[in-house]
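Take a look at the structure below.
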Amino acid sequence: MSTTVTPVTEVPRLEDKTIQPIPANERHGKARDLFTIWFGSNIMIMTIVTGGLATTVFGLGFVPAIVGIIIGNVVGGIFMALHSAQGPQLGVAQMIQTRGQFGSFGALLIVVIVVIMYVGFFAANLVFGGEAMAAVSPGISVDAGIIIIGVVSVIATVFGYRLIHAYARVLSIAAGLALVLAFGWILLVHGLPASFLEQGNFNWVGFMGTISVAALWQLAYAPYVSDYSRYMPQGTGSAPAFWASYSGCVLGTLFPMILGALVGTLAVTMSSEAGDVEIVGSLGALLQPWTLIIVGIFCLGVAASNAMNLYCGVLCTLTIGQTFKPTWLPHAKTRSIAAIILFVVAVSIALFARDNFILFYTNFLSFLMYVLVPWTAINLVDYYLLRHGDYRVEDFFKRDGGVYGRFNWVAIGSYVAGALIQVPFSATAVYTGPLAAAMGGVDISWIVGLVVVAPLYYFAALFFRKKTEAAPFPSTALTPDLI
């Protein structure tokens with residue numbers, strides 16, 4: 001039995017595709033490319049700062065902080081990688097594929113939220129990156145650093161998929177070596193004080209908060225992780241795509257977060273208040289005289305991550321426009337214009353809010369947890385348990401949604417229910433639900449959301465699915481080999 005292999009044409013350096021399906025003859029790359037893009041892009045300043053929240057904002061000792069970081073990343077990475085495995089199957093951006101669950105117009109609810117997420121992460125990266133550049137280069141102000149990193153990110157977004165992947169491959173080596181040097185210098189040369197393990201304490205609020213933040217870091221990639229696997233050949237297979245994405249993202253996140261917790265603990269020993277600790281400045285002080293080299297490389301990671309955020313934010317923005325004009329399939333020029341607009345919005349937020357950004361950032365993470373968890377549960381249940389990766393891709397681009405309709409009220413209702421069920425269990429600086437208060441401020445809202453939404457959507461979809469959807473679909477993709 002012979003297998004027909006589609007010849008791969010040369011993909012232009014300036015990507016001309018945006019939200020349209022990737023043709024078989026333009027599919028290229030190997031699963032290992034997914035490892036480098038997620039490993040290299042995660043080794044950056046914001047990952048380090050996020051890990052530092054465990055020992056500063058949450059007040060944990062170093063050991064429970066590390067345990068919480070590991071649990072959150074290992075668990076959250078599963079969901080992230082399950083989404084990545086969808087890219088080679090369908091060849092479309094993740095938010096386009098979401099129309100298969102929510103309908104052509106119903107998906108707008110999720111897409112708008114995700115655009116807000118991209119802009120928020122872009123702004124956060126700019127602030128932390130700008131602070132890092134100012135710390136290692138006294139001649140550069142924080143504001144100047146913000147703009148420099150933003151401009152580099154825009155350039156990568158304009159060129160698109162291939163440049164971002166290439167950038168991440170180089171960064172995987174450079175940032176990986178910088179990370180090893182940072183750990184070696186702090187542990188072996190700088191050394192740890194005798195009271196190191198006595199700093200902080202164990203508390204359930206901080207421990208669950210650390211797990212939640214680490215898990216969310218992984219979950220936050222879910223709405224766009226398959227944007228970076230959609231060019232992979234369909235024969236790549238779901239399992240290789242899953243494991244390459246999972247190992248790259250978990251390892252690339254885990255060690256920078258541990259470095260952040262380490263720096264936070266050391267900084268607390270020299271500060272009277274944990275909340276007064278500034279992770280970026282403390283890291284720079286600990287790494288002398290290597291600060292310029294190591295932190296400079298971590299700043300390159302910020303630009304890579306921001307290029308990915310901006311790239312996918314642009315795809316989502318174009319998805320919104322295409323919903324109202326189905327015949328419109330934008331190309332490189334439109335992507336460039338949209339990238340500049342989102343860049344201006346994110347830079348404005350970064351410049352305006354940078355002085356109190358840690359408070360903004362922690363509340364922003366909490367908001368994301370509540371709105372992303374129900375979506376990821378619905379998407380994964382629909383893809384792996386209900387449809388087994390078999391979708392009519394052409395119907396994603398129809399104004400009436402084709403077999404998926406304009407609104408899938410089962411998915412929308414499950415999403416709203418999932419968001420509401422988390423409220424009593426939530427604990428943030430703005431609001432603490434009654435059940436979270438009864439548990440001493442421990443926030444388990446995201447766990448409740450996953451446990452409730454997944455079975456709710458599964459059984460509701462089986463019961464209410466339209467007859468046209470219940471009929472067998474013509475196969476548009478290889479059957480996923482994960483489930």
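The values are calculated or read from the model by the stated rules, or taken from the named source; none is laboratory data. Just so it is clear, the structure is predicted and the values come from calculations on it, not from any experiment. Cβ coordinates were reconstructed from backbone atoms using ideal geometry, including for glycine residues, and neighbour counts include every protein chain displayed. Quick note on the areas: whole protein, heavy atoms, side chains included, nothing else; ligands and nucleic acids left out. Shrake-Rupley method; radii C 1.70, N 1.55, O 1.52, S 1.80 Å.
The simple spin-label model puts a point 7 Å past each Cα toward its Cβ; for residue 74 and residue 144 those points are separated by 4.6 nm. Helices in the chain that qualify as membrane-span-like (whole DSSP H runs, Cα extent of at least 18 Å along the helix axis, mean Kyte-Doolittle hydropathy of 0.0 or higher) are 62-84, 108-136, 142-159, 161-184, 204-219, 238-269, 291-324, 332-353, 357-380, 409-422, 445-464.
Taking the Cβ-Cβ separation of residue 30 and residue 332 as r and a Förster radius of 30 Å, what is the calculated FRET efficiency to the nearest 0.05? Given R0 = 30 Å and the Cβ-Cβ separation, E is 0.75. Hey, quick one: spin label on residue 438, modelled 7 Å out along Cα-Cβ, who in region 393-429 has an amide N within reach, i.e. under 20 Å? Only 418-428 fall inside the zone, counting backbone N under 20 Å.
If you take all other residues with their beta carbon under 15 Å from the beta carbon of residue 284, and give Lys and Arg +1 and Asp and Glu -1, the sum is -2.
Taking every alpha-carbon pair in the chain and binning the separations at 10 Å intervals from zero gives 4, 21, 31, 26, 13, 4, 1, 0 percent.
Here the relative contact order of the chain, from alpha carbon pairs under 8 Å that lie six or more residues apart, stands at 30 percent.
A Förster radius of 30 Å combined with the Cβ-Cβ distance from residue 170 to residue 451 puts the calculated FRET efficiency at roughly 0.15. The stretch between residue 239 and residue 288, if pulled fully straight at 0.36 nm per residue, gains 13.4 nm over its current Cα-Cα span.
In this structure, the pairs whose alpha-carbon distance is over 20 Å, taken from 17/333; 30/333; 325/398, are 30/333.
In whole percents, the pair-distance distribution calculated for region 254-403 from its alpha-carbon pairs, binned every 5 Å from zero, is 2, 7, 9, 13, 16, 15, 12, 9, 7, 5, 4, 1, 0.
Once the 1.4 Å probe is applied to the protein heavy atoms, the chain comes out at 38 Å² accessible per residue. This model, with +1 at the C-beta of Lys and Arg and -1 at the C-beta of Asp and Glu, gives the chain a dipole about its Cα centre of some 1320 debye.
Taking a sphere under 15 Å around the Cβ of residue 415 and counting the other residues whose Cβ falls inside, with K and R at +1 and D and E at -1, yields a net charge of 0. Taking Lys and Arg as +1 and Asp and Glu as -1, the other residues whose beta-carbon sits under 15 Å from that of residue 144 total -1. You can think of it this way: the chain between residue 398 and residue 177 has 74.8 nm of extra reach, that is 0.36 nm per residue less the Cα-Cα gap.
Full extension from residue 341 to residue 151: what is 0.36 nm times the residue separation minus their Cα-Cα distance, to one decimal in nm?
Working it through step by step, the gained length comes to 67.2 nm.
Note down the nm distance, to one decimal, between modelled labels 7 Å out along Cα→Cβ at residue 348 and at residue 430. The modelled label-to-label distance comes out at 2.0 nm.
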